[in-house]
Every structure is written in C-alpha cells, then in structure tokens.
Amino acid sequence: LIPHAPTHIMDSSDAATSTCTATPEVCTGLGTEDSFPLVDILTTAAATLSTIGLSTVLLMQLDSISRAILAPPRLLAKRRGEYNYATSQCCEYTGLMVRQHVGGGSGVFDPKMDKMMWEIMYLNDHEVEIDQLVVDILDAKKATPVIVAMEQDLEDERNTNEYHLYLAFPPSTENLEDVSTPAKPGLFRRVRVPLVAFCEKLAKAFEGQMTSTTLCFVADASCGLGSEILTNVVKDCGHGVATISNPCWMTALSLLLSKKHTCSITPEQFERIAFSLCRLEAHRVRSSIGKTSRTVVFTLPGQACTPLLLPLVQKVFVHERHVFVYDGCCHSVEMGLALRKKYGSSYRQKPEKEEWECVSATPQVISATFPMAPLKHNKELTETLSKLKGDQASIVEAWMASVDTFLDMKAKEKKNFYTPFVCRMGFLMARSGIGNGDGTDKSGLALKNVLQYITGSRSRALSEEVINKALKSLKENRIKSEEAVKEFKLDNPGKILIEKCVFAHKGILIGEKTLIDTVQPKDDWSLKAAKKLKSCLCCAPGEGDEEDEDEENEAGGEKDGDKGKDEVDMSVPGAFASNTGRSKYVDGKAAFAFDPAQFSK
C-alpha cells in the first residue's frame, strides 16, 4: 500500500521534447537527470492520498483511536455495528459447522454439494409429507431430528422472504431401541420445511400430548459463568436431569427477534416457534431424563440473548421453572476478558470436539460478550461507555441489557407471573454471606437450594450421594473459574469506570448489592423477599397487601418520593426501593436514597 517512487528518469532527449507546463515549484530541474514527469508526480500524489485515506480507515478500526477521535454517540454506533456483525457471522459459521456434522463430518462434507442433499418441502405441494414428518417426530420409537438452522433461501424463486426450518434425522442404528442423538457426525436425512407453518403443526401435535417432563430455563447475567457452572453441576450430580446448553438455534431465533420490525414473522408466530422447538428438543433428549426428576434444563445462549429470549420464553412457558443467575458487573467483565483470552474474539470458533453437544452450542465467548439488544438511549450511559476500552464496553452493555430485562419483567410480574429462582453467583462462589455480612461460606446451602428448585425436589430431600457429587463439581468449577480470571482482576480505577456505567442506568445497583427477590441461602428459602405488612390490626397478617399494591400500580400519579415508599422491607437483603415503576430497588440518584430513616430498625 506504500507508493513507490517513479522509476522513469528523463534524459536530455526527453527534456528537449518535453512540454511540461507545470510551475517551477512543481516541476523543477527540467532537462536534468533529477526531473520527474508531471504524470508520475500526480500519480504519486494520488497514491499517497489514497494510502492516507485507507490507513485512516484501518486506524479507525482500532478502538483506542476511535475513542480519541469519535464523539461518544458515533463511537457507540460504530461499536454496535461491530457487535451485530460479530454475532451474525458467528451464527452463520456455527450453522455451517452443524451442516458439516449432519453431512458426514469434516472428511466427508462438501459445502458446494450441500444444497442438493436437502429434501425441500412446500406447504401447498407437500402437506401430506409434512404431516407425516410431524407423526414421525412424535413417534417415541424413532430418533428425533436435530435443528440445523432457520433462515431464508435467497435463491428460492417461489418466495425469497419466507423463512425455512432445516431439520436432520439421525441415521438408523443396529439398536432399534436407541433413540438418542448420536454424538459423532454422520449422514443424516436432511429436510427443509416452511418455518411458520411447520411449527404451527408441530405445536398443535405437542399440545395434544400429555407429558410428565418439566422444563427449566436458565437465563444468565454473569458472562456465562453461572449457566456453565449450573449445567456442569446438574450433569455431574447424577440426578437424571437432561441438559441443552446454549443451542445455536436459539441464537438464530434471537437474531430474528432483533429484526422483528423488518421480519415477516408476527409475535404470535414467534411464540408458536419457541413452544414447538423447545418441546422438540426436550423430546429429543427423552432417553437422558431420569425417572425421579423428569426435568430438562435449557440454558439460554449467554447474557447477550437474554433480553430477546427471556420475555418470549417466559410468556410461552409461564408455568415452567425459571432461573435467573447473575453476578456483579465487574466480576462479569473479568470473566468475559478471560473468555476472550482463552478463545480469542473471532466469530469463527471451531468446536472443541466433533460431537453434537459441542457442535450445536453457540460459542460462549460471542454470546456472553457481544450485546445483541442495545439498551434504550441514555446520554449519560453513552458518555460513560466511551471511556471504557472496547472489549470491556461490550461486556458491560451486554450485562446491563440482561439485568435491565430482568428488572423490567419483575416490575410487571403481576401481569406476566415471572417468579424465577434468582441465583446470586456471590453465594455459589463463596464470595459473600447473607446480606453481604461476615462473608461466611454459604455456597453449599445455596447450591442445595438451587438444585432443589431445578429438580423439583424441595418436598423430597435429595440423596446424600447427589449432594456430595454436586458439591464436588461446584468446587472444581469454582477453582477453574477463579484461576481463569486471576490475571484479569480489575484495579480500583477500572472498577470505578465500570460502576459509573452501571450507575448511569439509574436502576441497577453497583458493587455487591443483590437484585430483587434474590434467594437467600436458607433451609426454608423463598422465591420472594419478605414484604412489610401494611394491613391494620383487625386484618389477618398480610391481608389486603395485594389490593394496596394494585391500587398503587393503577394510580400512576403519585409523586416519585411517595410511590412504593412502604412497599418493600429494606431490612431484607435483595429487597430494594426505586422511584421508577414499581418500587423494587434503590435509585442511587434519588435524594436521600441512603437515608437511614428509610430502613426499618
């Protein structure tokens, strides 16, 4: 890219015939051995300017240069463009790895021939065949297909705007009773069907079946630490709980949800898609489900997908179990930096093993560190994010978007019935005791509580063997994660910058504070934090509380200082007050937010 000096040197004969009309300042020494033709000079100048322009573009790609040159709004827009590119490319590349897996593996798969291997079915022409696919899927004696992709076919002459679902049926095995998904790659039967129409048929079929299997969805706001540890513990404890971790089809669904304003799929159709595909996945792993627990745990693909998927999944599976696992923002940043050190930030993340569980999972380094649903415009947040390095800013925004979604859903829990097990990683990682007290290790009790919820075993005690295996797994995973983040511990100035970003939200507490309704490690744990009793002495304890809260929600005209003033008991860890919406957490910007008079004695 660096221009070379002109190689043509004029001799005396050239000088004699030269018609150079440039000024002496531009073309000096005419007729000598040092003179340059005007064309070469102009070419060199143009090449130099072009190089300078290209170099500027390349330099602008460096976040440190962009922070120095661009205004905060422009910098945020540039970063978000990079986030979108990384997530979409990651989803596309992971989909290619899945296609390779069902196409025979790395030694057999030919991308150029892949399109010819799919059976293409249209609703109008192949409705009978599509109905038969649904019947085959529900047949308990047959292996269930895996989800490969959901995307448009821009070369489809019939309709380039329609989305299609790509399914792959495992090859038959000698053991006819084995209906599990083979771990190793193979030549699957590959079928393409219309996404919306097929999922509607599949949803109706699953609705017509009785099932004893419970689903448990784990949403993350800990940069993947919480969901990974819970998944590993559930696997290692041997209680017969099946797990589906960070499925790439959920990331693809998140991308579609992020484009819902330009996508032809309606909100109701998204609900049917989510219901049918989650039930399809649970049906696929039925051979891994134990007789006692009868539970399938889904971990949503990273904190980046939480803002898009959690409201949808909660609405569709309102009566299933939900876990929201979170950590402090600074701890999450440290974890995210460790992930990028280990895997790099490239969207081309190859699976560690050529096995279905690894191939079909969204790379955590992408889904945990690149936000997919940006927060609403906040001038103060835009300013504070611009002071962070790019790798930190993306993790902070992803974490904040996830927690913001949780708080918004909790504020509307009377309508959406969102009552999750709010799991704090500080307890599991033995960083803090109840209420940030003496730091007593409550990890064992905290783990027992969350396992009781996930497995539905609160009324019947978990066996000592299961508890011991779970504690051993937690200890191993805790040591592993602590070792990973050791070199990425933030110094005090770094923590202050990050906490300024979080504080700009005006709703998320900084530091080691807990979210509303965080389950405290106790034998008699509860999904809800204790509330103050506002009823009079003639009423039964708590009678009339719900009515009072409804009246407060409907009024909407109270002054900020009066709204929810007595709604939450501030003496209970995890219960906070705010002047925005329902009173659930402390607004540090409000006057007298930390006035001791606001706390019960």
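The values are calculated or read from the model by the stated rules, or taken from the named source; none is laboratory data. Since the structure is predicted, the reported quantities are computational estimates derived from the model, not experimental observations. Using ideal geometry, Cβ is built from the backbone for each residue, glycine included, and neighbour counts are taken over all protein chains shown. Side chains included, ligands, DNA and RNA excluded: accessible areas come from the protein's heavy atoms. Shrake-Rupley method; radii C 1.70, N 1.55, O 1.52, S 1.80 Å.
Observations on the model:
- Enumeration of residues in the stretch 58-81 that are surrounded by fewer than 18 Cβ atoms within 10 Å (Cβ to Cβ), under 20 Å from the mean Cα position of the chain (by Cα) and in contact (Cβ under 8 Å) with a residue 60 or more places away in the chain: ARG80
- Scanning the stretch 281-316 for residues that are within 17 Å of SER212 (Cβ to Cβ) and either in contact with a Leu (Cβ under 6 Å, 6 or more places away or on another chain) or not in a loop (DSSP other than H, G, I, E, B) (or both) turns up GLU281, ALA282, HIS283, ARG284, ARG286, SER287, SER288, THR295, VAL296, VAL297.
- Annotation note: Cβ proximity below 6 Å between a residue of the stretch 471-494 that is over 19 Å from SER443 (Cβ atoms) and a residue that is in a helix (DSSP H, G or I) and open to solvent by less than 30 Å² (accessible area, probe 1.4 Å) (sequence gap 6+ or interchain) occurs for PHE488/GLU334; PHE488/LEU337; PHE488/ALA338; LEU490/CYS330.
- Assessment of the stretch 427-444 against the conditions (touching a His at 6+ places or on another chain (Cβ under 6 Å) and over 17 Å from THR518 (Cα atoms)) yields no matching residue.
- Filter pass, ALA203 being in contact with a Phe, Trp or Tyr (Cβ under 6 Å, 6 or more places away or on another chain), of a type in the set (Gly, Ala, Ser) and surrounded by fewer than 18 Cβ atoms within 10 Å (Cβ to Cβ): no
- Residue ID - nearest to PRO420 (Cα to Cα), chosen from residues in the stretch 321-355 that are assigned to a loop (DSSP other than H, G, I, E, B) and open to solvent by less than 40 Å² (accessible area, probe 1.4 Å): ASP327
- A search for C-beta distances below 7 Å between a residue of the stretch 359-374 that is under 18 Å from GLY344 (Cα atoms) and modelled with pLDDT under 95 and any residue that is among the aromatic types (Phe, Trp, Tyr) and in a loop (DSSP other than H, G, I, E, B), counting only pairs 6+ apart in sequence or on different chains, returns ILE366/TYR347.
- The stretch 308-320 - residue that is of a type in the set (Val, Ile, Thr) and open to solvent by 10 Å² or more (accessible area, probe 1.4 Å) and, of those, nearest to the chain's Cα centre (by Cα): VAL316
- Meets criteria (more than 15 Å from the chain's Cα centre (by Cα) and farther than 26 Å from ILE454 by Cα) for LEU407: no
- Neighbours by Cβ (under 9 Å, 6+ apart or cross-chain): first from the stretch 307-328, under 17 Å from LYS528 (Cα atoms); second acidic (Asp, Glu): PHE324/ASP220; VAL325/ASP220; TYR326/ASP220
- Matching residues, the stretch 169-185, being crowded, with 17+ Cβ neighbours inside 10 Å and more than 29 Å from the chain's Cα centre (by Cα): VAL179
- Meets criteria (more than 15 Å from the chain's Cα centre (by Cα) and either free of Cβ contacts under 8 Å to residues at least 24 places away in the same chain or open to solvent by less than 20 Å² (accessible area, probe 1.4 Å) (or both)) for LEU230: yes
- Residue tally, condition more than 25 Å from the chain's Cα centre (by Cα) and within 27 Å of THR211 (Cβ to Cβ), over the stretch 139-167: 6
- The listed residues are SER264, SER288, and the only one of them that is in contact with a Ser or Thr (Cβ under 8 Å, 6 or more places away or on another chain) and surrounded by fewer than 17 Cβ atoms within 10 Å (Cβ to Cβ) turns out to be SER288.
- Residue list for the stretch 82-101, restricted to those being open to solvent by less than 60 Å² (accessible area, probe 1.4 Å) and under 17 Å from GLU151 (Cα atoms): THR87, SER88, GLN89, CYS90, CYS91, TYR93, THR94, GLY95, MET97, VAL98, ARG99, GLN100
- Each residue in the stretch 383-418 was checked for being of a type in the set (S, T, N, Q), within 15 Å of VAL325 (Cβ to Cβ) and open to solvent by 10 Å² or more (accessible area, probe 1.4 Å), and 1 of them qualify.
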